[in-house]
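*Asks:* Quick one: the structure is below, and I'll ask about it shortly.
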Amino acid sequence: PESLLDAAAKRVAGSWAFERVEGRFQRIPEPVQRRIVYWSFPRSERQICMYSSFQPGRAAAAASPASAAA
């Protein structure tokens, strides 16, 4: 059977982005953070391929030449 920590972390990860969790709650114990992050990653091969194929946005591409020149 699934632990209460895993069940809760899975529910949170399925509903909220981890950044929102960090911003909303002041103190989150390290083990809880690790389980939320674990359950935040996609599980299906299709989702993994979709998220791993993102290209950097224009802002990131525009910042790279400026930082390289400095």
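*Asks:* If I ask for residues that are of a type outside the set (D, E, K, R), in a helix (DSSP H, G or I) and open to solvent by 100 Å² or more (accessible area, probe 1.4 Å), which ones from the range 22-51 would you list?
*Replies:* Step one: filter the range 22-51 for residues of a type outside the set (D, E, K, R), giving 23, 25-26, 28-29, 31-33, 36-42, 44, 47-51.
Add one more test, that the residue is in a helix (DSSP H, G or I), and what stays is 23, 31-33, 36-40, 47-51.
Those that are of a type outside the set (D, E, K, R), in a helix (DSSP H, G or I) and open to solvent by 100 Å² or more (accessible area, probe 1.4 Å): Tyr38, Tyr51.
*Asks:* If I ask for residues that are part of a loop (DSSP other than H, G, I, E, B) and either open to solvent by less than 50 Å² (accessible area, probe 1.4 Å) or at pLDDT 90 or above (or both), which ones from the range 1-16 would you list? It would help to see each step written out before you state the result.
*Replies:* Keep residues of the range 1-16 that are part of a loop (DSSP other than H, G, I, E, B), which gives 1-3, 16.
Hit for the range 1-16 is Ser3, nothing else.
The values are calculated or read from the model by the stated rules, or taken from the named source; none is laboratory data. Keep in mind that this is a model prediction, so the values were computed, not measured. To get the accessible areas, we keep the full protein, side chains included, count just its heavy atoms, and leave off ligands, DNA and RNA. Shrake-Rupley method; radii C 1.70, N 1.55, O 1.52, S 1.80 Å.
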